[in-house]
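Each reported figure results from applying straightforward, stated rules to the coordinates on display, with no laboratory input. Quick caveat, the model's predicted, so the values are computed rather than measured.
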Amino acid sequence: MMRFSFRISRAAAVLLSDPCFQLRSIQYLLGEGEGEATAADSKHFSLHTYTDYISAEEEQKVEQMLAFLMEESKQAAASTAPTSEDDLCPICYAHSISAVFKPCSHKSCKACINQHLMNNKDCFFCKATITGVDDYIKPASS
């Protein structure tokens with residue numbers, strides 16, 4: 001059971017660290033959030049309206065996943081130290097550095113490198129051919 005729990009926590013950490021992931025997307029699927037619609041409002045998408053395709057059990061699992069991710073998000077925000085300018089992606093300055101390019105070891109956020117790799121296989125900075133991308137782990141302060 002411990003191994004299963006670890007995988008869930010790791011999956012949650014990966015989702016919550018991805019700058020493209022939004023908890024609001026899952027809330028929207030459940031018909032929650034801003035501009036909540038009634039069941040009679042057919043213009044607003046919600047899993048609640050697809051009872052022929054989605055069971056109550058599946059819907060409940062999505063609700064549980066959302067609750068879990070929201071709690072993980074709160075805990076991560078409480079334990080995260082403020083980001084310094086040196087920790088920000090040098091491309092977008094909007095997200096923390098989260099990816100290291102191989103073989104050159106230059107760094108950016110995952111959103112920037114994923115977008116860049118769709119059309120280009122060269123490093124932003126030195127033009128070396130990127131052979132891989134690893135997760136960036138900030139070295140401990142000395």
**OP:** Please list, in chain and number order, the residues 5+ apart from L30 or on another chain whose amide H is under 5 Å from its amide H, with Hs placed from the backbone.
**Re:** L47
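Determine the equivalent ellipsoid of region 85-135 by diagonalising the alpha-carbon gyration tensor, then write out the semi-axes as square roots of 5 times the eigenvalues, largest first, rounded to whole Å. Display every interim value, and only then the final one.
Details: eigenvalues 55, 24, 17 Å².
Working from the Cα gyration tensor, I get semi-axes of 17, 11, 9 Å.
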